[in-house]
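> Quick one: the structure is below, questions incoming.
The values are calculated or read from the model by the stated rules, or taken from the named source; none is laboratory data. Everything numeric here is computed off the predicted structure, so don't read it as measured data. Ideal geometry is used to build each Cβ from the backbone, glycine not excepted, and the neighbour counts take in all protein chains shown. These area figures cover heavy atoms from the full protein model, side chains too; ligands, DNA and RNA do not enter into them. Shrake-Rupley method; radii C 1.70, N 1.55, O 1.52, S 1.80 Å.
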Amino acid sequence: LARFARGVAIPADERRRPNPIAATPDAIASGRAHFADHCALCHANDGSGETDFGRGMYPPPPDMRLEATQQLTDGELFYIIEHGIRFTGMPGFGTGDAEHAEESWQLVHFIRRLPVLSESELEEMRQINPRSPAEIRQEIEEERFLRGEP
């Protein structure tokens with residue numbers, strides 16, 4: 001039902017919209033870093049949607065590595081990132097400015113890469129993923145201990 005609603009909601013001219021950003025290694029790396037910092041909480045670093053947040057959503061986030069997402073056009077993916085999907089947990093993140101639009105187009109390139117992510121890319125993403133306050137406190141305590149502080 002959510003896929004049907006999404007399909008009807010995306011205007012035809014948006015579906016055909018080409019990605020104006022070249023799929024360079026730098027653009028994909030920027031998309032990967034943005035995804036790790038902003039999207040992985042719900043979608044997981046590998047795009048599977050297998051996260052605590054993802055499992056708690058209804059409908060759950062799709063496995064973005066699969067055909068149902070990968071067969072979408074670049075314009076459709078961009079539209080979803082910018083406008084969200086009504087009646088799901090996917091909000092719209094568009095701000096209307098060119099810099100943010102470029103980040104969204106870079107995300108489109110990264111989403112295309114999800115089915116073939118390497119272990120080194122996943123490790124890089126784990127380093128970028130936001131940490132909880134408890135994790136940060138633990139790291140600070142470990143550093144103080146190693147310096148011999150009380």
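> Considering every residue within segment 68-88, establish whether at least one is touching a helix residue (DSSP H, G or I) at 6+ places or on another chain (Cβ under 7 Å), surrounded by 12 or more Cβ atoms within 10 Å (Cβ to Cβ), polar (S, T, N, Q) and farther than 17 Å from H43 by Cα.
Yes, segment 68-88 contains at least one residue that is touching a helix residue (DSSP H, G or I) at 6+ places or on another chain (Cβ under 7 Å), surrounded by 12 or more Cβ atoms within 10 Å (Cβ to Cβ), polar (S, T, N, Q) and farther than 17 Å from H43 by Cα.
> Follow-up. Being closer than 17 Å to V108 by Cα and surrounded by fewer than 17 Cβ atoms within 10 Å (Cβ to Cβ) is the filter here, so list the residues in segment 40-67 that pass it.
S48, L66, E67
> If L107 passes every condition in (1) touching a residue at least 60 places away in the same chain (Cβ under 8 Å); (2) out of contact with any Gly (no Cβ under 7 Å at 6 or more places or on another chain); (3) closer than 27 Å to A12 by Cα; (4) crowded, with 17+ Cβ neighbours inside 10 Å but one, which one does it miss?
(2)
> Just to be sure, is R32 closer than 23 Å to Q127 by Cα and among the charged types (D, E, K, R)?
Yes, satisfied.
> Would you check if D37 is assigned to a loop (DSSP other than H, G, I, E, B), open to solvent by 40 Å² or more (accessible area, probe 1.4 Å), acidic (D, E) and touching a helix residue (DSSP H, G or I) at 6+ places or on another chain (Cβ under 7 Å)?
Criteria not met by D37.
> Considering only segment 110-150, how many residues are under 24 Å from S48 (Cα atoms), among the basic types (K, R) and open to solvent by 90 Å² or more (accessible area, probe 1.4 Å)?
Adding up the residues that qualify gives 2.
> Tell me which of these R126 doesn't satisfy, since it passes every other one: (1) in contact (Cβ under 8 Å) with a residue 40 or more places away in the chain; (2) in contact with a helix residue (DSSP H, G or I) (Cβ under 6 Å, 6 or more places away or on another chain); (3) farther than 17 Å from E14 by Cα.
(2)
> So, one more: Specify the residue that is nearest to C39 (Cα to Cα); the eligible residues are those in segment 94-104 that are open to solvent by 40 Å² or more (accessible area, probe 1.4 Å) and modelled with pLDDT of 95 or more.
Filtering first and then ranking leaves E103.
> Across segment 1-21, which residue is modelled with the lowest pLDDT among those that are open to solvent by less than 60 Å² (accessible area, probe 1.4 Å), among the aliphatic types (A, V, I, L, M) and assigned to a loop (DSSP other than H, G, I, E, B)?
In this case the residue turns out to be I10.
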